[in-house]
1. Taking the Cβ of each residue in Phe17, Phe113 as the centre, tally the other Cβ atoms inside 10 Å and list the residues starting with the fewest.
2. Rounded to the nearest 0.05, what FRET efficiency do Asn63 and Tyr13 give with R0 = 41 Å and r taken as the Cβ-Cβ distance? Could you check?
3. Using the per-residue mean of other Cβ atoms lying within 10 Å as a proxy for protection, in what order, highest first, do the peptides 102-110, 54-62, 86-94 fall?
Amino acid sequence: MYAPYIVGGFMKYFLFFVLSLLVLVAGCLTSPLWSNGGIEDDEILEGTGMGYRGPIHVRLRMNSGSIMEIEVDSIEDRFVGGAAIEELIDLIIEYNSTDVDAVSGATETSRGFLSAVENAIISGRK
């Protein structure tokens, strides 16, 4: 009569161990070491996106899958979108992702800039 409780308790610990191991392995697989997508160390990538008043051209420096630096070669209007782009550059480098919110008041410029960065990353993976 006690055997089912012993087996049930053992199974809980075994299941907990296996799930913990899976979480650990999944965490290791998502590290930048595995997710650089074929981008070489210190590679310079270029991309273009369409902003509110014209094209936005960017140049990225990436190292081991991480965005290290973003330069804007051309921008539609430095007065309108310049502050928004500076804010976006800081966020993209901090989070190493283009999955950031557009800057209020400069939505189209933000979208064009994010598109340019994404296009640069995609061009580096080809």
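Readers should treat all values here as calculations from the given coordinates under stated rules, not as data from a laboratory. Model, not experiment: these values are computed from the prediction. All Cβ positions, glycine included, derive from the backbone under ideal geometry; neighbour counts span all protein chains shown.
1. Phe17, Phe113
2. My answer for the efficiency is 0.45.
3. The packing order, highest mean first, is 54-62, 102-110, 86-94.
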